[in-house]
1. Any chance you could count how many residues in segment 181-206 are buried (at least 19 other Cβ atoms within 10 Å of the Cβ) and β-branched (Val, Ile, Thr)?
2. From the list Ile163, Ile103, which residue is surrounded by fewer than 15 Cβ atoms within 10 Å (Cβ to Cβ), aliphatic (A, V, I, L, M) and modelled with pLDDT under 95?
3. Out of the residues in segment 162-181 that are among the charged types (D, E, K, R) and in a helix (DSSP H, G or I), which is nearest to Arg150 (Cα to Cα)?
4. Kindly indicate whether Thr95 is surrounded by 13 or more Cβ atoms within 10 Å (Cβ to Cβ) and either farther than 30 Å from Lys164 by Cα or of a type in the set (A, V, I, L, M) (or both).
5. Taking the condition on the phi > 0 side of the Ramachandran plot and under 17 Å from the mean Cα position of the chain (by Cα), does Gly160 pass?
6. Being surrounded by 14 or more Cβ atoms within 10 Å (Cβ to Cβ), under 21 Å from Val43 (Cα atoms) and at pLDDT 95 or above narrows it down to one of Leu111, Leu137, Leu124, so name that one.
7. Within segment 160-178, work out how many residues are touching a residue at least 12 places away in the same chain (Cβ under 8 Å) and closer than 23 Å to Asp90 by Cα.
Amino acid sequence: MKAIKYLFCAAMLALFLSACASNQPSVFSTSTSASPDSDISRVPWDYRVVEGKVGDIIGSDMTILPDNTLVPNDGNYATGDAVWTLQYMDAEMTTDANNRNQIQLSSWNTLKSYKDQKSAQADLSNLKISLESEVDLVGVYKTTNQGKTRNFAVLTLPSGNRIKQPISDERYTALEKQKKVKVLLEEVHDFGDYDSVYAKFRGWAK
């Protein structure tokens, strides 16, 4: 089983290196749940670069300190070497018939190691992209609780997911009759299928 695990990790690294030009299936999948009124999908959620040091060399693998994460030693690192790792987090999203989402986040998992931070950040910048876009505004509404009023806007993002955002009285008035609105987005790409993207709201465009 251990050998199978290592082979799987190596295969994932090779898949990432050729992600942009590959037609390999995505590691994030979409399926229908047991309930006919909801869908379950797994989407890319986040990536990060983490600095560490090589701990133990175990066969063709190595541990990364301080968490003793075991990864393939593809770069022929030695104990004590500085190393940067690209890590990913995905999310299991359940969408019901009313387009309401429940999200369960995974833990961080190591994808690839680098000898320098610049190379790691270059890959990260291709997987997480910030941009400005015009999206559909589903509508705005108010709620009142114990005499306090709160305003919300509901948006449909390019990847099809709906989100709710608190807004000020001024923005409520500005958006009340709008059908489209400009926002700031972060596109998170699937490292196994680069064309598979999950869009995340990052603010209102000025």
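The values are calculated or read from the model by the stated rules, or taken from the named source; none is laboratory data. For clarity, every value in this text was computed on a predicted model and none was experimentally measured. Methodologically, a virtual Cβ is constructed for each residue, glycine included, from the backbone with ideal geometry; neighbour enumeration extends over all protein chains shown.
1. 2
2. Details: Ile163 fails: surrounded by fewer than 15 Cβ atoms within 10 Å (Cβ to Cβ).
Just one listed residue meets the conditions, Ile103.
3. Of segment 162-181, the ones among the charged types (D, E, K, R) are 162, 164, 169-171, 176-177, 179-180.
With in a helix (DSSP H, G or I) added as a condition, the list becomes 169-171.
Values: Asp169: 9, Glu170: 12, Arg171: 12 Å.
Out of the qualifying residues, it is Asp169.
4. Details: surrounded by 13 or more Cβ atoms within 10 Å (Cβ to Cβ): yes; either farther than 30 Å from Lys164 by Cα or of a type in the set (A, V, I, L, M) (or both): no.
When the stated conditions are applied, Thr95 does not pass them.
5. Working: on the phi > 0 side of the Ramachandran plot: yes; under 17 Å from the mean Cα position of the chain (by Cα): yes.
For Gly160, the condition - on the phi > 0 side of the Ramachandran plot and under 17 Å from the mean Cα position of the chain (by Cα) - is met.
6. Working: Leu111 fails: at pLDDT 95 or above; Leu137 fails: under 21 Å from Val43 (Cα atoms).
Just a single option satisfies the conditions, and that option is Leu124.
7. Initially, segment 160-178 is screened for residues touching a residue at least 12 places away in the same chain (Cβ under 8 Å), giving 161-169, 171-172, 175-176, 178.
Remaining after also requiring closer than 23 Å to Asp90 by Cα: 161-165.
Residues meeting the conditions: 5.
Here is a yes/no grid of residues against (1) assigned to a strand (DSSP E or B); (2) out of contact with any helix residue (DSSP H, G or I) (no Cβ under 6 Å at 6 or more places or on another chain); (3) without any contact (Cβ under 8 Å) to a residue 60 or more places away in the chain; (4) assigned by TED's automatic domain parsing to the domain that holds Glu51:
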{"residue": "Ser107", "(1), (2), (3), (4)": "no, yes, yes, yes"}
{"residue": "Ser119", "(1), (2), (3), (4)": "no, yes, yes, yes"}
{"residue": "Ala122", "(1), (2), (3), (4)": "no, yes, yes, yes"}
{"residue": "Asp136", "(1), (2), (3), (4)": "yes, yes, yes, no"}
{"residue": "Tyr141", "(1), (2), (3), (4)": "yes, yes, yes, no"}
{"residue": "Asn151", "(1), (2), (3), (4)": "yes, no, yes, no"}
{"residue": "Pro158", "(1), (2), (3), (4)": "no, yes, yes, no"}
{"residue": "Val183", "(1), (2), (3), (4)": "yes, yes, yes, no"}
{"residue": "Tyr194", "(1), (2), (3), (4)": "yes, no, no, no"}
